[in-house]
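In what follows, a single structure is set out as C-alpha cells and then discussed.
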Amino acid sequence: MLLSSLTPSFQWLDTPKALDTACEQVADADVIALDTEFFRENTFFPVPALIQFTAGEQAYLIDPVAIACTDKFRALLQNSAIKLLHACSEDLEVFQYWAGVLPTPLIDTQVVQGLLGENPSMGYQKIVEFWVGETLPKDETRSNWLVRPLTPAQCHYAALDVIYLLKVWALQAEKLAMLGRRAWVDAECTSLIEQAGRSAENDQQWYTRHRQLWRLAPRQLEAYRLMTIWREGETRRRDLPRNWLVSDKLLFAVAEKMPRNRFELAEVEGIKPVLIKKEGDALLALVKQAQHCDEAALPMRWPDPMHPAFKSRFKALKKVVTTKANDLGVAPEMLMRRRDIEAVVMDVLASQPVSLPVGWRGECLNAGLIQALEEQPS
C-alpha cells in the first residue's frame, strides 16, 4: 500500500461568521463528509474537541471549544445532501450534544462495508487501504484534541479523515448499485438515526445487554431492570461515566441478593461503603419496588441458554441466518445478531408473538426462520 502523499487543504473555523461562510460554500453539495474528535474519560456525554466536514478537496475544521453551533450549520446537517460518516455511533452523540440535531440523510461507510460482504467492523484506515490503496498516517489517533493550538500534523490528520471518506464512498456506491443493495443501506442508516434519538427508550432496554439474565428470578430481573434505568438517568443528569456511579456487574450482584437494608447491601460482593453512603437509599428503594411489584407486571423469566429446548431452537435459527448470509456473501451478524435470534427463541418458549425481522431482513430470512421453528418438536 502507498503511504498517502496528499497534503490536504483545510480551513480553521473558530468564529460563527467563519463557520456560516463555510456552510454557504458547501450548501449545494450532494455529499458532505463529517467526522468528530472528542474527549470522554470523565463524563457521560462526549466533550467535543473538533468537528470536520468537507464536500471535496477543501476540509473545514470547526473549533467547538471556541464557538457554539450556528443555525446555518444545523441546517447544513439536515439538508438534502448525504451526510457521510464512518462508524458513526459516537459521532452522532457529539452532534446531538453540540448541535442539538442529528446529521441526515446518513450513510455510514462501515455499515456499507458490511453489506457489501466485507468485514463489518473495518476501521477507517483499513477501509481507505481497501478502496483507495493508500495508507493514512496513524500517529495522531490518540492525540489530545482539546489542546490549543492543534499541531499541523493533527490538522492534516483530521482533514484527511473526511477527504478520503468521499473517495471511499464513491467506490462503495458503485458496488452497492451493482448488487442492488442501496435500499438496505438506507434502511440501516435511517435506523441508526432513529436509535440515536431514543435515549430514554434505550435506557429502558439497557438491562437486556447482560448475558446472564437467565440466572435471575422475575423479581430479581425487575430489580436489575429498575436499577439500570435509574443508573442511566442519573449518569446523564450528573454527566458521569456509568462505572463512576455504579457498574452493571454491581447492579446485577445487588439484584441477585435483593437486600432489604444497608447491612444486607454491605454484604454484596464488591459494594464499597462510599457507594452505600451516597446511593444506598436509592438502590434499596428500587429493590423494594421490585419486591412489591404486582406479579402480573413482572418481566418473564429469561430462558437458560443451556436448556435443550432453547439450544435446539437457537441452533436451527442460527443455521438459517448463516446459510442465507453465505448465499448473500455477508457476515451473519449483518443479517441477524445473536441477541435478536435469542429474542425470537424467548418469544417462542414463552408462547408470545414472535418478533421476526422486518424490512429487507424479513424478506431475506422470515420464510426460513418460520420453517425452522415449525420443524422443531413442540
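Of the residues MET346, MET336, only one is under 16 Å from GLN212 (Cα atoms), of a type in the set (A, V, I, L, M), touching a Pro at 6+ places or on another chain (Cβ under 7 Å) and surrounded by 12 or more Cβ atoms within 10 Å (Cβ to Cβ); which?
Criteria check complete, one pass: MET346.
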Within the range 113-126, restricting to residues that are of a type outside the set (Ser, Thr, Tyr) and touching a Leu at 6+ places or on another chain (Cβ under 9 Å), the one that is modelled with the lowest pLDDT is GLY117
Of everything in the range 289-314, what is under 17 Å from VAL354 (Cβ atoms) and of a type outside the set (Ser, Thr, Tyr)? Give them in sequence order.
MET300, TRP302, PRO303, ALA309, PHE310, ARG313, PHE314
Any idea which of ALA87, ALA99 is at positive phi and touching a helix residue (DSSP H, G or I) at 6+ places or on another chain (Cβ under 6 Å)?
ALA87
Just to be sure, is LEU6 at pLDDT below 95 and of a type outside the set (Gly, Ala, Ser)?
yes
For the range 288-303, give me the residue count where each residue is in contact (Cβ under 8 Å) with a residue 24 or more places away in the chain, surrounded by fewer than 14 Cβ atoms within 10 Å (Cβ to Cβ) and in a loop (DSSP other than H, G, I, E, B).
1
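When you go through ALA309, ALA266 one by one, which is the residue that is of a type in the set (A, V, I, L, M, F, W, C), in contact with a helix residue (DSSP H, G or I) (Cβ under 9 Å, 6 or more places away or on another chain) and without any contact (Cβ under 8 Å) to a residue 12 or more places away in the chain?
Just a single option satisfies the conditions, and that option is ALA266.
Being in contact with a helix residue (DSSP H, G or I) (Cβ under 7 Å, 6 or more places away or on another chain) and either within 12 Å of LEU165 (Cα to Cα) or at pLDDT below 90 (or both) is the filter here; which residues of the range 127-141 pass it?
ILE127, VAL128, TRP131, VAL132, LEU136, PRO137, LYS138, ASP139, GLU140 - these are the residues of the range 127-141 that are in contact with a helix residue (DSSP H, G or I) (Cβ under 7 Å, 6 or more places away or on another chain) and either within 12 Å of LEU165 (Cα to Cα) or at pLDDT below 90 (or both).
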Would you check which residues across the range 304-330 are buried (at least 18 other Cβ atoms within 10 Å of the Cβ) and of a type in the set (Gly, Ala, Ser) and list them?
ALA316, ALA325
Which ones in the range 356-378 are surrounded by 12 or more Cβ atoms within 10 Å (Cβ to Cβ), under 22 Å from the mean Cα position of the chain (by Cα) and not in a helix (DSSP H, G or I)?
LEU356, PRO357
Exception for MET306 within (1) outside any loop (DSSP other than H, G, I, E, B); (2) closer than 30 Å to LEU373 by Cα falls at (1)
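The values are calculated or read from the model by the stated rules, or taken from the named source; none is laboratory data. Note that this is a predicted model, so its numbers are computed, not measured. Every residue, glycine among them, receives a Cβ derived from its backbone with ideal geometry; neighbour counts consider all protein chains shown.
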